[in-house]
Structure formats: C-alpha cells, structure tokens
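Working notes, beginning with the structure itself.
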Amino acid sequence: MTTASPVAPLAMLPTLDLSKFHAGPGERLAFIADLRHILHAHGFFYLKGHGVDPELIGDVLATAKRFFALPMEEKLKIEMLKSPHFRGYNRAGQERTRGAQDWREQLDINTEAVATDIGPDSPPWKWLQGPNQWPEALPELRPLLLAYQAEVTRIGIDILRAIAAALDQPEGVFAQIYEPQPSQLLKIIRYPGRDVAETDQGVGAHKDGGFVTVLLQDTTPGLRVRAEDGEWVSVPPVADTFVINTGELLELATNGFVRADVHEVVAPPPGVERFSVAFFLGSRPDATIPVIELPDELKRSERGVSVDPLNPIFREVGINQLKSRLRSHPDVAAAHHAELVRMILEQ
C-alpha cells in the first residue's frame, strides 16, 4: 500500500541516488518510497548518481567564473535590458524578489529560439520566446551552456518520471504539459561578498515556479530552506551532487501533496564570492496544469495549494512565467512591456 510517511524535523537534506531508479526492483522501490516521503515533507534533496560528466560540470563552473571576470563593458553588451525576451546579463541588484534587490550578477538563457511575430491576438507569454544573448568575448560559453542545459533537462525529466511513479501515476503523466518543448531557464550566477552587497539578500525568500530545479553549487555555502516548522536549514555544497527541489507546478498538480518549500540565498561573507548554476525545468507555456487524481492513501495527505496574496499562482503556465519575469525584472518590463504591465495591473 502506498502511504505518505509522517513529516519529521529537517536537520540535513537527504541524499538520493538516481541510478537506483533504474536499478533492480528492490532498489527502485526503496528509491520511490524515499522520494515520496521527501516530496511530501519538503521537496528538497541532494542528488547523486545522475550521470553528468564531472568534466562538463567543472568546465561550466570554470567558464562561468571567466564570464563574470570579463570587463563590465563586455558583459553589458548583452545586458538583459536589450532583450524583450528577458535573456542576457544582469548586474547585481537588478533582479528583485518580492520587490527587494537580489545581490547577485547573472546570465540568463532559455530554450534557443528565434523571435516570432507577435500580433494583437498573440498570447502575451509569446514575448518570452526568442534568441539568447551570448558574449562575443567568450564564444566557448554558448556551446558549453547549451550542452549543460541538455544534460540537466535530461535529469529534470528523469526526476519527473520518478515523481510520477512515487505518486502511483504512469511515468509519463507530466509529459502532456511539457512536450514537445519544456521551459529550460538556466542561470549562471555570481554572489559578491557583503563588502559589495548592500544587504545580505543574495536571493530573497521564494518558491520556484516550475516543475523541478537542478542546482549546481560551488564550494561556498549560502542556500537555506525553510522547513515546515519555520526553521531555516542550511544546504551546504556536497561534492558530486546537485540540489533538487520541487516547484509550484507540482504543488498545483497534486493539490499540495507535493511541497514546494520556501528558500533563499544569503550573501557570502566580505571578500568571498559564491558561484552557482541554477536550472529551472518548467512546462511549455501554452499548457494548463491539471489536478492529478492521487490514490486515496496519498489524497488524505493533500494540504491544498498555498496562497501568497503578493504573488498569486495560476494554472495557466504562460501567465505564471510572464508574471514572474515582469516582477523580477521591472527595468526590462518598463523598457519593452509597459503597456502589457498596465493591462496586467488593471486585471
């Protein structure tokens, strides 16, 4: 019988080995049972056995550091302010969480695409689709990040299949809302020390809006998760692992059985830098999130969807994705989408 385990206090994130999902029946069932408990308790865990080449991981971190070391005038050539599609470079303090500045500089890319014609009858989320911006001073970054994006997409979809199994659903149950092309937002990130940052907010407290997040950390801690009892739990880097967390789409789809936990990043100490690479696997933008009918044993543990009056969540994926970018990047919104912002505020 499938049941949800009681929620225990969280002292340290658990670690799951993804290779066991593809192992023999005994190891697979144990993996699914552990995952089911984590999904209900807090939705955060370390992942090993993921199969990503360590050399690729090392190259991504090293090349990200080289990008951030470029002169500012080179980075500003691909400033996000130049992109109506919310792609490109942001200086520290440009992105916002719940209206407050996040002290991190970053480069955002998403699925490689060409800009499409957008007319008065086009859905507004079409503005999110278009070309990425790449630094001409570091041409090797483009193929490297696209190769890494493909690998973490593979991991994210594999985890979604495991989540489906943990919920007693067909493994492909979520494919209907991400195929043929999921959202693939990837950020390389640098957090300056508190001697540079104006506050200790690396990233403000928030939930992720997609399916799952695949986070690569370097050696400097800073990530914290707020457990169900309200306590903040540190998530230090662990070698050869990713940090995985579930997002609001899964909370919506399971009526709150799967938990999307609040988390934040604290700026590093003075004189210290922190680097990370965050990948957010989301649905395709024209999808609507259904409510999955869970078996009775799990349904009894549904908590309902949490409601944040300052940041409502919708079942229409494209609206959520656009709202997130407009709120996080008000400078880009004002430069390219002032009329759209006005319409949304009126609604």
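The values are calculated or read from the model by the stated rules, or taken from the named source; none is laboratory data. Predicted model, so just to flag it, every value in this text is computed and none were measured. Positions of Cβ are generated from backbone atoms using ideal geometry, with glycine treated the same way; all protein chains shown enter the neighbour counts.
Laid out as a table, the results:
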quantity	calculated
Selected residue (only one of 245, 255 is among the polar types (S, T, N, Q) and touching a strand residue (DSSP E or B) at 6+ places or on another chain (Cβ under 7 Å))	245
Selected residue (only one of 265, 225, 243 is in contact with a His (Cβ under 7 Å, 6 or more places away or on another chain), part of a strand (DSSP E or B) and modelled with pLDDT of 95 or more)	225
Number of the condition not met by residue 150 [criteria: (1) assigned to a helix (DSSP H, G or I); (2) in contact (Cβ under 8 Å) with a residue 12 or more places away in the chain; (3) among the aliphatic types (A, V, I, L, M)]	(2)
Check on residue 253, out of contact with any His (no Cβ under 6 Å at 6 or more places or on another chain), without any contact (Cβ under 8 Å) to a residue 12 or more places away in the chain and among the hydrophobic types (A, V, I, L, M, F, W, C)	no
Count - residues of the range 163-219 that are under 25 Å from residue 254 (Cβ atoms), in a strand (DSSP E or B) and among the small types (Gly, Ala, Ser)	2
Answer residue from the range 215-244, given it is in contact (Cβ under 8 Å) with a residue 60 or more places away in the chain and within 13 Å of residue 12 (Cβ to Cβ) and is farthest from the chain's Cα centre (by Cα) among those	231
Index of the failed condition, residue 64 passing every other in (1) assigned to a helix (DSSP H, G or I); (2) under 30 Å from residue 339 (Cβ atoms); (3) among the hydrophobic types (A, V, I, L, M, F, W, C)	(2)
Answer residue from the range 91-111, given it is outside any loop (DSSP other than H, G, I, E, B) and hydrophobic (A, V, I, L, M, F, W, C) and is surrounded by the fewest Cβ atoms within 10 Å (Cβ to Cβ) among those	100
